[in-house]
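Below you'll find the structure, written out as structure tokens, and then a few comments.
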């Protein structure tokens with residue numbers, strides 16, 4: 001491949017000029033060396049990295065080992081508490097006590113009482129009509 | 001499961017490159033691995049940035065930001081590409097932003113400023129004469145100006161190709177474009193440089 005290119009270059013002035021110009025560009029770019037890096041580059045960088053550490057991290061850093069162990073300890077303690085609760089739970093359900101709401105007696109108006117009595121009387125008469133042989137319904 | 005994922009990541013990194021493996025160690029809290037990465041890539045990154053922005057102070061400032069971002073991203077780092085690809089993607093992004101932000105004032109200043117701190121390679125004599133020094137300075141200035149005339153992406157592509165010896169595929173990943181686009185960028189860039197620097201032969 002290289003031999004082919006060299007052969008072509010020797011026969012083609014245009015490509016020879018192109019290659020020579022490109023070589024000049026490479027050499028020119030090679031001559032451009034950057035400056036020395038500041039000696040305190042790393043120090044400044046690590047300083048900036050340190051500044052990135054927030055006040056919260058600084059505050060909690062000494063407690064990190066504790067926090068790291070806190071989760072499994074808390075989980076274990078939770079499990080123990082649940083187990084104790086289940087073991088100490090009574091076998092039967094406690095008696096149901098009527099709620100306070102159900103014990104409240106509503107105050108009735110005289111009209112309501114009168115209406116209710118009338119209704120009861122109507123019902124009694126109705127049962128006489130249905131069963132005229134007995135005053136009381138048989139169970 | 002977590003262990004398996006970690007192992008898979010590790011083997012992936014190993015197949016990619018040693019730097020990615022070091023970065024995975026940084027992710028796990030190994031500060032020494034970060035120091036190794038810094039030692040290894042400090043100069044290439046600073047030199048690349050210097051040639052991009054042509055100002056040593058700005059280049060070092062940007063390089064600090066590059067490594068700071070690398071450190072900050074350690075927890076979310078995944079070795080999906082070569083470490084240097086990722087590193088130079090950050091560096092290129094910052095360089096392009098810097099050029100766009102302060103393009104008009106800074107570029108002119110530094111091209112006229114001889115105190116950029118960049119030494120000229122002395123091939124023939126370690127103690128050149130005043131004349132030789134001036135000639136070298138003039139040549140260097142010409143090279144810097146020629147590179148500065150390149151559009152930003154062409155410049156980045158040439159610098160990665162010439163000085164970092166990156167392959168087209170890697171440059172494409174850094175610049176987030178296709179390989180053919182990189183070839184096109186390089187062709188046009190070298191065409192411009194040939195036109196500007198050919199007389200230096």
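We did not get these values from a lab; they are worked out from the coordinates using the rules stated. The structure displayed is predicted, hence computed values, not measured ones. No Cβ is skipped: glycine too gets one built from the backbone with ideal geometry, and neighbour counts run over all protein chains shown.
Brief remarks on what is shown
- Average beta carbon contacts from partner chains per residue of A:40-51, 10 Å cutoff: 4
- Applying 1/(1 + (r/R0)^6) with r as the Cβ-Cβ distance of residue B:69 and residue B:130 and R0 = 45 angstrom yields a FRET efficiency of 0.55.
- Here B:163, B:50 are placed in order of increasing Cβ neighbour count within 10 Å, fewest first, which gives B:163, B:50.
- Cβ neighbours within 10 Å from other chains - mean over B:130-140: 1
- Simple spin-label estimate for residue A:18 and residue A:79 in nanometres, 7 Å along Cα-Cβ: 7.5
- Ordered by the count of other Cβ atoms within 10 Å of each Cβ, fewest first, B:87, B:96 give B:96, B:87.
- Residue exposure proxy: B:141, A:40, ordered by other Cβ atoms within 10 angstrom of their Cβ from fewest to most, comes out as A:40, B:141.
- Partner shielding of A:19-25 amounts to 6, given as the average count of beta-carbon atoms from other chains within 10 Å of each residue beta-carbon.
- A straight chain from residue B:36 to residue B:97 at 0.36 nm per residue would run longer than the Cα-Cα distance by 19.2 nm.
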